[in-house]
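The values are calculated or read from the model by the stated rules, or taken from the named source; none is laboratory data. All values derive from a computational prediction rather than experimental measurement. Neighbour counts are summed over all protein chains in view; Cβ atoms, including those assigned to glycine, are modelled from backbone coordinates with ideal geometry.
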Amino acid sequence: MLIAIIGAGPIGLEAALYARKLGHDCVVFERGLVAQNVSRWGFVSLFSPWTMNTTPLGWKAINAGRLTDPPNPKICPTGDELRDRYLLPLSSSRQLQDAIWVNTTVLKIARKSGRFEITLRDPSGAQRVESAGAVFDCSGTYHHHRWAGRGGVPAPGERDAESRIWYELPDVIGRDRDRFIGRHTLVLGAGYSAATVLLGLEALHRENSRTRASWAIRRIGQALQALHNDPLPARASLVKHSLEIANKPPKWLQYVGNCVLERIDDAKQIGVTLKYMETDLALVVDEVVALVGYGPEQLIESWTSPPPAAADGLLNPEPNFFILGAKSFGTNSNFLLAVGHRQIREAFRIVTGDQNLDLYR
Ligand SMILES: Cc1cc2nc3c(=O)[nH]c(=O)nc-3n(C[C@H](O)[C@H](O)[C@H](O)COP(=O)(O)OP(=O)(O)OC[C@H]3O[C@@H](n4cnc5c(N)ncnc54)[C@H](O)[C@@H]3O)c2cc1C
C-alpha cells in the first residue's frame, strides 16, 4: 500500500522510516525543505534530551555502514542541532533518500473510491494529483499562527499590522537582538515561548537598562503552570522563573494579567490598547511579540469542522487517515516528540492489524 506522508518534520520522517521498514511504499511531501519548521526556531534549546527526541530505528538508519559518535543521550539539543545531527542525516539515509519530495505543498486531500486523492503544488508551481492508500498528516502547526485578538480572531488593526508583529519566536539575544535591546516590547501569550522571550529580554536588560517589556496574558493561570514533578528540568525552571517575575515584576517589566487585546495602531511605534479590568490601557511599544499559539490547517475535504485538540494519542478521523505529531494536538502546545513516536507505533498497529508491532523495542 502506498502511504503518503505530509511534512518532513521530525514526525513525518520517523513515520516514513517506520513505513519503509515494514516494506510499504511511501512518499513524503514537504512544502519547504526537510525540517523546515524546526529551522524556524532552531536557536532554541529543547526541554527534552536527545533520547526523547530520537528513536533507535532512526539512529540505526543514520549509522548504517559508518561509525559516528551519537550525542550524549541526556543532553538537550537546540533545534538546529536536532536538524543537523539527526533529521538531515535521517532524510538522506538509504531508506529515505528517494522518499522525500521537497518544495511540494499538499493543497487538499479527498477520498475517492476508497483511496485518497492528494492535490499538490509541485516545485514548478504546477498542480497535480497523486493517489495513495493511506495518508499520515504530519504537517505541524508552526507556520499557521493564531490571532491575538479576543477569542482568537484578529483585533481591530491586527491584520494591517501583521507583518510588524512577531508571531514566531524571535531570537532575542541572537539574530534579532537589535530589534529588542534598549527598546520596549509587548509580549502577548502565556506559554513556554512567551516565557523564553521574557528570559531573553531580561538578559538584554542586564546589558542595557533601557530594555523594557510589558507582558500581557488573557487569563492568569492559563498555560504556564508548574507540573508536579516535571520530568524535564529545563521546562520546570523556565516556568518557575516566569511565575516568579509575574508574581513580583522587576522594574523592567510591566505585567498585565487577565486582559485582552482591544486594538493595534501601527505607526513608527506601535500603539496597543489592552482591556484590563473594564478599562482601556493604552501602550506605545517598539515591538509586539504575539506568541498566542498556532492552529492546524485543514487539508482533508470531508471534515465538516476543524480537528479537535487532542490531549494525547493520535487523531484518526477517517479509515487510513492519521493526524500525527504537533498537529494532532491542535492549538495545544504541549506536544512532545516522544508522544509522536508513540503515535507512529499506534498508527502502524492499526494499519497492519498487529497489536504487538513495535519496531522501537
Ligand atoms: C519553540 C519550540 C520548542 C519546542 N521544544 C520541544 C521540546 O523541547 N521537546 C519536544 O519534544 N517538543 C518540542 N516542541 C514541540 C514539537 O516537538 C515540535 O513542534 C516539532 O517540530 C513537531 O514535529 P512535527 O513533525 O509534528 O511538525 P513540524 O516540525 O512542524 O513539521 C511539519 C512539516 O510539515 C510541512 N508542511 C506543513 N504544511 C504542509 C503542506 N500543506 N504540504 C506539505 N508540507 C507541509 C512543514 O513545512 C514542516 O516541515 C517545540 C516546539 C516549538 C515551536
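Which of the residues that make up the range 20-34 are over 22 Å from N103 (Cα atoms) and in contact with a Cys (Cβ under 8 Å, 6 or more places away or on another chain)? It would help to see each step written out before you state the result.
First, the residues of the range 20-34 that are over 22 Å from N103 (Cα atoms): 21-24.
Of everything in the range 20-34, nothing turns out to be over 22 Å from N103 (Cα atoms) and in contact with a Cys (Cβ under 8 Å, 6 or more places away or on another chain).
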For the range 194-251, what are the residues that are at pLDDT below 90, loosely packed, with under 11 Cβ neighbours inside 10 Å and assigned to a helix (DSSP H, G or I)?
N247
Going through R94, R115 one at a time, which residue ends up being surrounded by fewer than 17 Cβ atoms within 10 Å (Cβ to Cβ), of a type outside the set (F, W, Y) and out of contact with any helix residue (DSSP H, G or I) (no Cβ under 9 Å at 6 or more places or on another chain)?
R115
If a residue has to be buried (at least 17 other Cβ atoms within 10 Å of the Cβ) and free of Cβ contacts under 8 Å to residues at least 60 places away in the same chain to count, how many in the range 126-151 make the cut?
0
Complete set of residues in the range 179-222 that are without any contact (Cβ under 8 Å) to a residue 40 or more places away in the chain, small (G, A, S) and closer than 22 Å to Y276 by Cα:
A190, G221
Given the criteria at pLDDT below 95 and of a type outside the set (S, T, Y), does G152 qualify?
yes
Kindly provide the set of residues from the range 24-70 that are among the β-branched types (V, I, T) and surrounded by 16 or more Cβ atoms within 10 Å (Cβ to Cβ), ordered by number.
V27, V28, V34, V38, V44, T54, T55, I62
Of all residues in the range 101-152, how many are closer than 25 Å to L337 by Cβ and among the basic types (K, R)?
1
